[in-house]
Structure formats: structure tokens, C-alpha cells
1. List the pairs from B:Lys152/B:Lys203; A:Lys71/B:Lys32; B:Lys169/B:Lys193; A:Lys68/B:Lys90 whose alpha-carbon separation is above 27 Å, in the order I gave them.
2. Could you list B:Tyr126, B:Tyr181 in order of exposure, starting from the residue whose Cβ has the fewest other Cβ atoms within 10 Å?
3. Based on the Cβ-Cβ distance of A:Val74 and B:Thr29, what FRET efficiency does E = 1/(1 + (r/R0)^6) give at R0 = 35 Å, to the nearest 0.05?
4. Dipole size in debye (nearest 20) for chain B around its Cα centre, Lys and Arg Cβ +1, Asp and Glu Cβ -1?
5. Could you work out the helix-only [θ] at 222 nm for chain B, with each DSSP H run of four or more residues adding -39,500 (n - 2.57) and the total divided by the number of residues, to the nearest 500 deg cm²/dmol?
6. Radius of gyration and Dmax for segment B:114-185's Cα atoms, expressed in Å?
7. Taking the alpha-carbon centroid of each part, what is the distance from segment B:35-80 to segment B:150-212 in angstrom?
8. From Cα pairs below 8 angstrom and at least 6 apart in sequence, can you work out the relative contact order of segment B:142-241, rounded to a whole percent?
Amino acid sequence: MNLKKTVLIASSMAILSAMATTASADGASLYQAKTCWACHGKDAQTPILPIYPKLAGQNKEYALAQMKDIKSGVRSNGQAAAMQGVMGLVNEAEMAEIAEWLSSLK
Amino acid sequence: MKKITVIAAGVAMIGMSVGSTASASGQVTDVKDWNTGEGEQSVAMTLTPDRENGIEVYEVCSACHLLEGWGMQNGTFPQLAGQHRNVLIKQLADIRALNRDNPTMYPFALPESIGDEQAIADVTAYIAALPMNPDNGKGDGTNLARGEELYKKNCPQCHGDNGEGNQEKFYPKIQGQHYAYMLRQFEWIRDGKRRNANPDMVKQIAEFSNDDMRAVIDYTSRIAVPAANLGPIGWQNPDYD
């Protein structure tokens, strides 16, 4: 009985963690779901305005740092105001996934 | 050739928008100036909307407001579906004329993103006819009696007994709107941040405490939308693949 329960719990935990990994690993869908692509372009290199940056191929450390600073308000120059309003949609783990994915683009 | 004309018109309109910034930078303080109805707002209202073009134009908007026009429950983006067309026209025209500060939406409201007055006429007619979200974001429900009392005392004169607003007078429909979005706008209107607000409303709500504000918005977020205006739960807009 106990063993059965343990196996059940262990296997559901494995499934759950696999699901979590799949979800969090998908920077591409986060990039769309969190509306990043509305401004930066579906391919992350055709922003809607020339004063918005291309993001494809950006260093992930840099991209993550800018996202965090814009969300917290530490960075408020340039077009940060346009982006800060949507940053409530992303947590730090999601930002990291998006940054990772962006850095993988050419 | 047609495209060049459109681009030229777009550039001219950007020029006008930028030009009007200086003169329109302040808060509207007199109710007669709240809705002057000039320029493209009144032009758009006279044009016959084209549904197919409305669908095409709305695709830009859908990146944030979603294909269904239902916005986000957490209030980051408002529901647009079912809103009065005149309200949509006014807000879009105000945002692109920089009479309402919305840096996130501003580039999408520009003529080169969505088009001219005809595009405004088309997209707003399309949005106004979309079925509404059956599951909008709501408050925590802890102070609803106070919220109801405040609503009945302050809001029906313009927004109606059931938050239905008024198409003819440009008063927005607020029933079914997401709580967090309404709360943010209400606060901005109270505190003078929403520059195109109706000055009568600014005066009316000046003394609202933060608790009263949350209570009345929570109550408003729970006003039932007529069933005929609602989409089914999980509805997906069939106009897009």
C-alpha cells in the first residue's frame, strides 16, 4: 500500500516536473503569449518602430538584465515606458526562458 | 501608387499628431473640451465600415487584446469586444493624437500600423460586434455592499444602472470589463493621469479613497452582461485560422 502510494506520488511528480520543463523551456511560445512579438516582431528582428530594438541573437545575459531592469523601473529611459506596462505578465523564470530563446536565434 | 498615397497620408498624420502634442499636453479641465469630436474621430464616424478590412486591421490589435477581443483577466490589456463603437473610435483617435497617454499602444495606433480614418471605421465596427468575455477578471469580493452603494450613488447617470454606458454620448460600457484594468483607469482618472477623462467624472470621484475605489470597481466587475452579448466559455474567433 505504502509502496504503491510512493510509486504513484513519485511518478506523478515526474510527470509534473516534465510538464513544467516543457512549459518553461518554450521561450518561443512565451515570446508570443507575453506579447513581446507585438512590438519586436514575430521573428524578433522586425520591430514595429525603428526606435525599438531587434532582439534575435541578443546575448541572453544582456536581454535578461534589461527585462529585469525595465520591470523594476531601474531602467526608465528610452522606450522603457512602453514595455513596463506589460512586464507584469512575466516572472523572472519566464524572462530567462525568453532570453535564452532570443539568444538562440540568428 | 495607391500605397504611396497612403504612406504620404500617414506621414502627414504623424506630423499632425506630433504637432498637436504641445497644445494638447494638459489635462482636459472643461467638460465641453472633453469630446470635441474634431478631425478623424468625426470623419471615421461617418464612413461605412468594411468588415473584411476590419478583420485584417484587427489582427494587429489582437497581439495584445487577443483574437477574441477579450483582453487579459489580470487587466494588463482591457477587453474591447462589445464596446460601443463611438467609444472605440474616440479612444483610438485620442491615443494616436496623444490626448491619452498610452506608450505601449501608441505605435499600433499610428496610421502606418493600422491605416487611415477608414481603417478606424472598419476595425471599430468589427470589435464592437464581437461577443464578450464570459469570464472577466473580478476583485476579491470583500466589500461589495459598499461598492454597490457607491455605484448607485455615483455611476448610473453616465454609465447606466448596469454599466452599459452610452454609445451616443461616448460613455464606455464598463460591464464585463476586467477589474484590474478598470481599477488602474479609475485611479488615473481620479489622480489626473488620464488626460482625456471627462472632467465631470474627475470631480465626481475626487474624494474616493483607495478602499472605496476598489469596492466600486469590484462591484462593477460583477455586473452581469446580458447573455445575448456573451460568447461561450472558450470561444475562439473563427475569423482567424
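What follows draws every value from the coordinates through simple rules; no lab data is involved. Nothing here was measured: the structure is a model prediction, and the numbers come from that model. Neighbour counts are summed over all protein chains in view; Cβ atoms, including those assigned to glycine, are modelled from backbone coordinates with ideal geometry.
1. The answer is A:Lys71/B:Lys32; A:Lys68/B:Lys90.
2. Exposure proxy ranking, most exposed first: B:Tyr181, B:Tyr126.
3. After rounding to 0.05, the efficiency reads 0.50.
4. Approximately 420 debye in magnitude.
5. Calculated from helices alone, the mean residue ellipticity at 222 nm is -15000 deg cm²/dmol.
6. 14.9, 46
7. Cα centres, segment B:35-80 to segment B:150-212: 20 Å.
8. Here the relative contact order equals 37 percent.
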